[in-house]
Amino acid sequence: MRIWSLLLLATPLLAETTWKDVQPILERRCVQCHQKGEVAPMAFTSYPETRPFAKAIRQAVARQSMPPWHAAPGSLAFRNDRSLSAAEVATLTAWVEAGAPQGPAVKSMAPAAGPSQWKLGQPDRVVQVPGFQVPASGQLAYSFLIVPLNLKEDTWVRAAEFRIDQRQVVHHINAFIRPPGSSYLAGFPTNEIFSPTVAQRGKRHAHERVFDRRQLILGYEPGYEPMPWLEDGAKLVPAGSDLIFEMHYNPGGTPAVDRSEFGLYFAPAAPKNRVVAIDTLRDLDFVIPPHANGFVSQAAMTLARPARLLSVQPHMHVRGKSMTVRAVYPDGRTETVLAVPRYDFNWQTTYVLAKPIDLPKGTRLESTAGFDNSPNNRFNPDPAAAVKWGDQTTDEMHIAFLELVIEATGDPEKLFSSLPALPRPTSPAAAPQD
Ligand code: HEC
């Protein structure tokens, strides 16, 4: 016994943890954000840059505030899991406790594809925001840009990527496609930026099919990483579609001009599977009472045909506290897909399943969202307000965005046939996020 404990005590002394042990972990887990021009305020790409933050690093990994990742144990496994293994935490901690020594020289980190490069390679098609003027302060309405793609044939897109220009002010950009004949922002000019009213954004033809109106290709929010959807799956862009950017900017203290770009990667041939994004797992009707902590909103939908679930993105605003998404199978079995017990609105992460799960027809998808409207929530702009659905940060939302996979020839509309009609906006404040 005694010999073993002596050995354990002696282990750290046998091999001091130095920069050579730490660099690979930072390269794997941190520098996609912690490099010049990326979202994090400091770079960890070399020893001299990292050394001053050693203690902060130990603290952040112990608190699990870094890397930002909010799925709790009990969730399924995710392809883009950013969390550290116990061994990685132990190495970082041992290094800081040893005084963050440099030790033997190592080959410096291979420069990652920086923010100025396309991470997935040169796209087949690039669309650019033509210089959006962001003032130093104030609250900006959602802005839109419609760009005709002039595609003569139905085109499969195997991946898409945002190259964000002004990271400090871009809150999010969603790229939709609008098939010909759609009611979505019909009549608005192309190739110029405009801000329609909520009512104008919500306008739709009677009985218009969901996917005939618009389809989400990709959303950008801080922390986003480009990734092809599937080896054998792609999104479909019908011939004659327009691309529409929905953009939300948050002024950052100094004026900025944003020229973010969006790239599309075409699939060489029709894929086996089609990936579709839906926003119908949501609750539009809640009212969070003033000062309430622990208010719960529920949403559910039942699949009218089989599909595979590829990803989940919880979406709430600053009063959002937790979200859990479950699948209740026709045989009664319940599976927790994603549990986010401590939601952080700064990290609108898309959780991409390591193995997409099969959802038979009749599977009920449920989402439970918790909100904190009390003064203890330090992000709460007004605990005295009764809070409803709305697109400003002072309003709330409860959506679990999903990406589903169906066969390439399948009709995504059939996913919905057992759903009640899509809720129609009753008042501007209750309009869905479109
Ligand atoms: C997805 C992007 C991302 C990744 C990955 C990431 N960080 Fe960060 N990090 C940020 C951003 C943004 C900030 C500044 C805002 C904040 O503190 O949340 C930050 C701040 C920090 C801070 C400052 C203090 C603190 O706790 O907020 C430390 C220390 C830190 N990161 C360490 C790390 C380490 C170590 C890793 C890898 C093991 C890592 N980060 C991975 C984005 C990231």
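Structure values in brief
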read-out	value
Extension gain, residue 153 back to residue 302 (0.36 nm per residue minus Cα-Cα distance, nm)	50.3 nm
Accessible area (Å², per residue) of the chain, counting only protein heavy atoms and a probe of 1.4 Å	47
Filter on 203/388; 152/414; 20/119; 152/235; 20/107; 355/414 - keep pairs with C-alpha separation over 18 Å	203/388; 152/414; 20/119; 355/414
Inter-label distance, nm, simple model (7 Å from Cα along the C-beta direction), residue 191/residue 106	5.1
The range 276-350 and the range 107-169: distance between their alpha carbon centers, rounded to Å	27
Efficiency of FRET from Cβ geometry, residue 16 and residue 326, R₀ 56 Å, rounded to 0.05	0.75
Computed label-point distance, nm, for sites residue 333 and residue 133 using a 7 Å Cα→Cβ extension	5.9
Taking the chain and dividing mean pair separation by its residue count, relative contact order in percent (alpha carbons under 8 Å, at least six apart)	19
Contact order normalised by residue count of the range 8-112, Cα under 8 Å, 6+ apart, percent	41
Portion, in percent, of the accessible area of the range 125-270 that falls on carbon or sulfur, probe 1.4 Å	50
Separation between Cα centres of the range 248-275 and the range 54-92, rounded to whole Å	28
R0 of 35 Å, Cβ-Cβ distance residue 414-residue 250: FRET efficiency to nearest 0.05	0.35
Dipole of the range 2-97, positive direction: furthest Cα of 65, 48, 26, with charges on the beta-carbon	65
Calculated P(r) of the chain - Cα pairs past 36 Å, %	31
Stretchable slack from residue 395 to residue 79, in nm (0.36 nm times residue separation minus alpha-carbon distance)	110.6 nm
Surface share of carbon and sulfur [accessible, 1.4 angstrom probe, percent] for the range 2-97	63
Restricting the range 142-196 to trypsin sites (Lys or Arg not before Pro) in coil, as DSSP defines it, with at most 13 other Cβ within 10 Å	152
Relative contact order (percent, whole number), the range 125-270, Cα cutoff 8 Å, 6+ residue spacing	55
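The values are calculated or read from the model by the stated rules, or taken from the named source; none is laboratory data. These numbers were taken from a predicted model, which means no experiment stands behind them. Methodologically, a virtual Cβ is constructed for each residue, glycine included, from the backbone with ideal geometry; neighbour enumeration extends over all protein chains shown. Ligands, DNA and RNA are excluded from the accessible area calculation, which covers all protein heavy atoms including side chains. Shrake-Rupley method; radii C 1.70, N 1.55, O 1.52, S 1.80 Å.
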